[in-house]
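The block underneath contains the structure these notes are about, expressed in structure tokens.
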Amino acid sequence: MKIAVLVKQVPDTATRIALAADGASIQTSGIKWVLNPYDEFAIEEALKLRDAHTGEVVLVSFGPDRVEETIRQGLAMGADRAIWVKEEPSGSAEMDYLGRAQVLVAALAQEAEWDLVLVGKQAVDDDAAQTGPLVAALLNWPQAMVVLGLEVDARARRLKVIRELEGATERVELPMPAVLGAQRGLNVPRYPTLPNIMKAKRKEVRQVALADLGLDAASLADDRRVVVEGYQLPPPRPEPKVLTGDPAEAAAELVQLLHREAQIL
Amino acid sequence: MNFDLTADQSLIRDTVKDFADQVVAPGASERDVTGEVPLDIMRQMGDLGFFGIPFPERWGGSGGDTVSYALAVEEIGRVDASLGLGFAAHVSLGCSPLYLYGTDAQRERFLVPAATGQYLAAFGLTEPGAGSDAGGTATRVEETAEGYRITGTKIFITNALHAGYIVATARQPEDQRISSYIVPAGTPGLSVRAEYQKLGMRSSETCEIHLDGVAVPRDLRLGEPGRGFRQFLEILDGGRISIGALSVGVAQASLDAALAYSQARRQFGRELAHFQAIQFKLADMAMEVELARTMVLKAAWLKDQRRDYAKEAAMAKLYASEAAMRASLEAVQIHGGYGYMRDYPVERYMRDAKLLVIGEGTSEIQRLVIARQLVPQ
Ligand SMILES: Cc1cc2nc3c(=O)[nH]c(=O)nc-3n(C[C@H](O)[C@H](O)[C@H](O)COP(=O)(O)OP(=O)(O)OC[C@H]3O[C@@H](n4cnc5c(N)ncnc54)[C@H](O)[C@@H]3O)c2cc1C
């Protein structure tokens with residue numbers, strides 16, 4: 001099986017985010033960048049399929065210089081090689097989800113015979129959950145997102161997928177090739193073994209420029225349909241209220257507060 | 001001059017840190033109470049290649065360097081110093097002698113399984129009458145028709161009960177010189193007990209070993225005869241980097257705990273961290289952690305460059321272990337009465353830290369080692 005995993009570098013969720021001066025982007029200096037956690041489930045699933053059916057796992061990522069570190073991390077988990085579409089410092093910031101999906105699809109189109117494309121069901125930076133569905137639409141392949149379970153019948157080229165719904169699961173069957181979006185719970189991502197970390201630097205990371213794909217950042221940006229107008233940080237948390245005094249009175253006041261302010265009771 | 005880690009070094013550190021936080025940290029306090037040695041965790045560490053960091057792939061290693069190894073020991077030691085000690089003793093004391101002095105056949109048979117974590121490895125140097133003066137070995141070896149026969153007692157030996165082999169030093173009668181031997185587990189006449197009740201490092205395995213006429217075949221002598229003294233000095237030089245790294249981990253854990261607590265605990269209407277007397281303690285701890293880590297990494301770097309590193313390793317071990325002792329004492333102090341209780345981890349750090357200024361050469365001995373490099377003998 002030849003499996004592509006689309007991976008994205010995102011700020012570590014523990015990072016304290018600050019807005020840039022324009023109010024429509026974040027300050028990127030001082031951020032710790034990590035592999036999108038949902039992508040780890042996608043990579044793990046791809047590695048398991050490769051080990052069970054033979055074949056190869058190829059990481060595909062679109063991003064600036066710093067992304068190489070994240071690609072190496074995926075290679076250290078055991079992916080075989082990577083295609084890295086290099087994002088130039090200027091121009092592409094304006095692209096929307098569709099523009100970025102077009103870049104990824106153009107990168108995939110450079111090679112033939114993909115059996116599966118795996119993605120994280122969403123990236124934890126903008127939480128848009130757009131890449132998987134858009135890539136599937138552009139490829140004209142079937143898709144299943146929020147995947148909790150996967151069975152592959154390689155001979156019949158069919159997939160049995162368990163999807164998570166609100167408080168329920170759904171079973172769907174679809175043909176290959178397809179795009180699948182991994183949800184937490186699909187598997188337990190492996191730690192990279194240290195020999196694999198050392199081997200990762202000898203694995204192929206093919207750099208591709210947008211021009212090599214017949215694309216350019218400016219026209220993709222011009223064609224965007226979604227424009228980020230601004231970000232707002234959540235309001236600071238109000239000071240906690242501490243009730244003191246007579247326990248009976250405090251309890252009564254607490255019930256009142258739960259009723260009136262918290263509106264729980 | 002460049003103080004940045006390489007991409008490999010940071011990825012190794014991040015991987016070990018993640019493993020330490022997710023897998024090692026949760027049971028560390030409990031193991032300190034029960035004294036249970038976490039063999040399952042050690043097996044996972046072996047599977048992930050942690051034990052093979054400084055050895056080439058040819059010998060079951062990960063092909064990393066001493067800097068990466070030091071970072072890994074620090075990260076494990078930060079959450080569980082006992083496990084950090086087992087890790088450091090396994091690699092620096094147990095595996096290194098095979099890597100440095102073993103024949104290819106010996107490395108194939110013993111180093112490959114040890115570096116991949118199929119079993120632990122131990123180094124038996126210390127004896128009831130030979131501690132700091134490890135050259136005072138009373139364990140004897142005689143030559144026999146088939147090889148050697150070793151008789152003596154070793155004490156305080158880390159990992160020996162679950163070791164696949166023990167490297168043991170012994171004195172040969174003809175010239176009173178010391179040689180070292182690989183003693184495989186289960187050899188008749190070898191008995192190992194792990195019954196010490198310890199102040200700290202309670203879930204690391206510390207053993208007493210009796211060698212009662214243990215027969216060792218000729219091909220299990222390690223290196224040239226009579227070279228044992230030189231060998232163990234070199235092994236201890238390398239081991240000091242790892243105890244230094246372990247100390248940085250304990251010091252960092254003490255600082256982290258003190259920082260968190262001093263910002264949560266309020267007295268006189270303010271957080272403890274607001275009081276300058278507490279701030280100064282935190283500042284000193286942070287400074288010492290930074291200095292200790294820098295010195296440990298410098299010694300590791302020198303070793304990786306194949307340059308002399310004995311003096312720097314002794315300085316790193318001495319400074320870092322004493323910094324860990326001070327930091328853990330201050331962390332308990334900042335926690336006040338709560339710090340004296342088992343509910344908080346800082347009393348464990350303090351008990352664990354005390355071993356760091358004793359094991360693999362006491363602070364007094366480190367000063368001797370450094371002074372010998374300064375003052376011509
Ligand atoms: C938990 C633990 C694990 C250990 N693991 C191992 C192991 O895996 N393998 C191994 O071989 N050993 C191991 N050891 C032994 C350890 O290395 C020794 O305990 C240590 O080197 C000190 O030796 P000693 O205990 O005999 O103390 P001693 O040598 O008796 O020292 C007692 C005191 O005298 C001081 N002193 C001694 N000589 C001098 C001098 N010339 N000048 C000034 N002061 C001096 C010392 O600094 C110390 O303060 C371990 C010990 C412990 C506690």
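The values are calculated or read from the model by the stated rules, or taken from the named source; none is laboratory data. Computed from a predicted model, the values in this text were never measured in an experiment. Counting neighbours? That spans all protein chains shown, and the Cβs are built from the backbone with ideal geometry, glycine included. With ligands, DNA and RNA removed, areas are computed over all heavy atoms of the protein, side chains included. Shrake-Rupley method; radii C 1.70, N 1.55, O 1.52, S 1.80 Å.
General observations
- Test: B:SER191 is more than 13 Å from the ligand (Cβ to nearest atom), at negative phi, part of a strand (DSSP E or B) and open to solvent by less than 10 Å² (accessible area, probe 1.4 Å): no
Yes or no, residue by residue, for (1) basic (Lys, Arg); (2) free of Cβ contacts under 8 Å to residues at least 12 places away in the same chain; (3) assigned to a helix (DSSP H, G or I); (4) farther than 23 Å from A:ARG206 by Cβ:
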| site | (1), (2), (3), (4) |
| --- | --- |
| A:THR13 | no, no, no, yes |
| A:GLY23 | no, no, no, yes |
| A:SER29 | no, yes, no, yes |
| A:PHE41 | no, no, yes, yes |
| A:ARG50 | yes, no, yes, no |
| A:VAL57 | no, no, no, no |
| A:SER61 | no, no, no, no |
| A:GLU69 | no, no, yes, no |
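- Considering the conditions (1) surrounded by fewer than 20 Cβ atoms within 10 Å (Cβ to Cβ); (2) free of Cβ contacts under 8 Å to residues at least 40 places away in the same chain, B:SER29 is excluded by exactly one of them, (2).
- Residue in the stretch A:161-178 that is among the polar types (S, T, N, Q) and either exposed (fewer than 15 other Cβ atoms within 10 Å of the Cβ) or within 14 Å of another protein chain (Cβ to nearest Cβ) (or both) present: yes
- The number of residues in the stretch B:47-61 being in contact with a Leu (Cβ under 9 Å, 6 or more places away or on another chain) and more than 10 Å from chain A (Cβ to nearest Cβ) comes to 2.
- Being over 19 Å from B:LEU190 (Cα atoms), more than 9 Å from the ligand (Cβ to nearest atom), in a loop (DSSP other than H, G, I, E, B) and in contact with a helix residue (DSSP H, G or I) (Cβ under 7 Å, 6 or more places away or on another chain) holds for only one residue in B:GLY86, B:GLY77, B:GLY64, and it is B:GLY64.
- Those residues of the stretch B:106-137 which are open to solvent by 40 Å² or more (accessible area, probe 1.4 Å), within 10 Å of the ligand (Cβ to nearest atom) and over 19 Å from B:THR206 (Cα atoms), in sequence order: B:ASP133
- Enumeration of residues in the stretch B:156-174 that are open to solvent by 70 Å² or more (accessible area, probe 1.4 Å) and either touching a Gly at 6+ places or on another chain (Cβ under 8 Å) or at positive phi (or both): B:PHE156
- Index of the failed condition, A:ILE197 passing every other in (1) aliphatic (A, V, I, L, M); (2) within 14 Å of chain B (Cβ to nearest Cβ); (3) in contact with a Phe, Trp or Tyr (Cβ under 7 Å, 6 or more places away or on another chain): (3)
- Test: residue in the stretch A:56-64 that is farther than 18 Å from A:ALA182 by Cα and either aromatic (Phe, Trp, Tyr) or touching a Pro at 6+ places or on another chain (Cβ under 7 Å) (or both): yes
- Criterion: surrounded by fewer than 18 Cβ atoms within 10 Å (Cβ to Cβ) and within 17 Å of the chain's Cα centre (by Cα) - qualifying residue of B:LEU39, B:LEU71: B:LEU39
- Residue within the stretch A:235-246 that is part of a helix (DSSP H, G or I), open to solvent by 70 Å² or more (accessible area, probe 1.4 Å), among the polar types (S, T, N, Q) and outside the structural domain of A:VAL146 (by TED's automatic domain parsing) present: no
- Residues considered: A:ALA182, A:ALA250, A:ALA209. Of these, the only one that is more than 30 Å from B:LEU11 (Cβ to Cβ) and more than 14 Å from chain B (Cβ to nearest Cβ) is A:ALA250.
- Restricting attention to the stretch A:204-215 and to residues that are within 23 Å of the chain's Cα centre (by Cα) and part of a loop (DSSP other than H, G, I, E, B), the residue that is farthest from A:ILE83 (Cα to Cα) turns out to be A:LEU215.
- Qualifying residue in the stretch B:111-119 (condition: within 20 Å of B:GLU224 (Cβ to Cβ), touching a residue at least 12 places away in the same chain (Cβ under 8 Å) and out of contact with any His (no Cβ under 7 Å at 6 or more places or on another chain)): yes
- Scope the stretch B:145-162; condition in a strand (DSSP E or B) and within 10 Å of the ligand (Cβ to nearest atom); matching residues: B:LYS154, B:ILE155, B:PHE156, B:ILE157, B:THR158
- When residues of the stretch B:329-377 are limited to those that are more than 15 Å from the ligand (Cβ to nearest atom) and of a type in the set (S, T, N, Q), the one most open to solvent (accessible area, probe 1.4 Å): B:GLN333
- Unique match (being acidic (Asp, Glu), surrounded by fewer than 20 Cβ atoms within 10 Å (Cβ to Cβ) and touching a helix residue (DSSP H, G or I) at 6+ places or on another chain (Cβ under 9 Å)) among A:GLU113, A:GLU56: A:GLU56
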